[in-house]
Amino acid sequence: MKTYFKAEKGQAMVLGLLLCGVAVVALLHYFSLGQVLAERTRQVHALDTAAYSGAVVQSRALNLLALSNRAMVGHHLAMGHLVTLASWAQLGGHQAQQRLRANPPAFLIGMLFGVNHGTAYAASSAAHGLQREAMQSGQLGQRFIQHESRVHDTLAVVQSQVVSTLAGTREAAIKAVLNRYYPNAQYDLTITAPPVGQWLERRAAPSLHPFMQQIAGGYGFLQERNHTARNAWLVSPRCPTKRHQLRRRGNTVLDSSGRWEAADTQSYHALRSNRWIGCYFREYAMGWGWLASRSTSKLSAPHVNNPPDNFSSQDFWRWVADATNWDIFTGQDNPMANSRAVASRVVWPTRGYASYFDVRPLLPGVGEGVGQLFKSSHSGCFRFSVELQRVGYDNLRYTVSSAAESYFERPTPREDGRYEQANLFNPYWLARQGPVSGGL
């Protein structure tokens, strides 16, 4: 029996070696599988990071466009204030001249309409020569030119460059991240995105006008400047209800092309009466100013182009009856001061509004593919997808996909409770990962 057991030695070793071989093969297989999964996971992380970086760059470009649009609006408002201020400067300078000529005298204005009006008229002497600042070569005119240059020569140009380079800048950001993972660009990258022109559009300048009118309405300096003061006592028994009047008139106008104009006048209307026409108002122009945007601009208020310097040779009312259609009985304008303003007007040539970029709205009747694009654009999501292919571990070709998007979201709800669609006037564009499947 002893001899028999010795003959059986070594049989289990063969089986053990077979089991070890199977274990080694399985271990190598799982190791290889783990390496493949690690390679793919690293590639997914790299592409997700790169796609998100591209969305961040895209969102920053959209926010830059929004801020530049707001800057355009700010410059246009500043130009409106400068035009109004220039009109006031003309008014002050001409009123200083009338004050020095005592036509009318300051004490008369104070006696008829109160100490405040008299003091203000007397203080206008300090504005002597101020109308020179309203010339195109003056300080106000030069500031106006600078603001307009910022709009047309800086902001509009920057917007065009941002839009034209957006796709390239986004791709450069994606590749910069991938190159940190895979130096020497050892990969193939495919970016699928709709053309920028399909979700952003350059809008014609006049489309900005309603918004500018709404914004300008919040500034009292740009509103009508109309005030009428009357003396307290009876002037003529022929017209016991009428009084001497001090009329201040002024307004600032913005036309549909974005050109500002402003006119300001002040006149003393002395109540007179005679047996031929009864009671009427004899106007003494105290101050005037008109800043126009074109040499062909027309002042809408009553006026004549060549008013006489004085009425020493003809009565005021006779000249009005012969040369004009002015209402000197119940009218509320300053036609003589308007005429002086037209004769001494200042013209600041201007290009008006500049074209700008905004989100293209959802259009009815578009095709299926484009419709999906506009649908996402209308909701404020501009998406793109990326695909990365490269040869990695075990000489295998790995392909992964990712997607990211820029989306519009207010940090806080609107105070009026209304929903705000995506736009390029509020810089509320953010970036996030997006689903790989689905229309762009």
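Could you please state, rounded to a whole Å, how far the C-alpha centre of segment 111-146 is from the C-alpha centre of segment 194-259? If we compute the Cα centre of each part, the gap is 20 Å.
Placing pseudo-labels 7 Å out from each Cα toward the beta carbon at Ser344 and Val44 gives an inter-label distance of 8.0 nm.
Given Cα pairs under 8 Å that are at least 6 residues apart, what percent is the relative contact order of the chain? Don't skip to the answer; put the middle values down first.
Working: 727 pairs, mean separation 99.8, N = 440.
Computed over the chain, the figure is 23 percent.
Using only Cα atoms, locate the centre of segment 55-79 and the centre of segment 387-432, then give the distance between them in Å, rounded to an integer. Rounded to whole Å, the Cα centres lie 20 Å apart.
Please identify every one of the trypsin sites (Lys or Arg not before Pro) in segment 293-323 that sits in a loop by DSSP and has no more than 14 other beta carbons within 10 Å of its own beta carbon. Intermediate values should be presented prior to the final figure.
Numbers: sites: Arg294, Lys298, Arg318; in loops: Arg294, Lys298.
Counting only loop positions with at most 14 other Cβ atoms within 10 Å, the trypsin sites (Lys or Arg not before Pro) in segment 293-323 are Arg294, Lys298.
Solvent-accessible area of the chain (1.4 angstrom probe, protein heavy atoms only): carbon and sulfur portion equals 55 percent. How much FRET efficiency would the formula 1/(1 + (r/R0)^6) give for Ser257 and Gln332, where r is the Cβ-Cβ distance and R0 is 30 Å, rounded to 0.05? After rounding to 0.05, the efficiency reads 0.55. Computed over neighbours whose Cβ is under 12 Å from that of Thr324, the net charge equals -3, Lys and Arg +1, Asp and Glu -1.
Between the entries (1) -0.68; (2) -0.55; (3) -0.42, the label attached to log10 I(q)/I(0) by the Debye sum over Cα atoms at q = 0.08 Å⁻¹ calculated for this structure is (1).
The values are calculated or read from the model by the stated rules, or taken from the named source; none is laboratory data. No experiment lies behind these values; they were computed from the predicted model shown. Quick reminder, even Gly has a Cβ in these numbers, built from the backbone with ideal geometry, and neighbours come from all protein chains shown. Remember, those area values only see protein heavy atoms, side chains included, never the ligands or the DNA or RNA. Shrake-Rupley method; radii C 1.70, N 1.55, O 1.52, S 1.80 Å.
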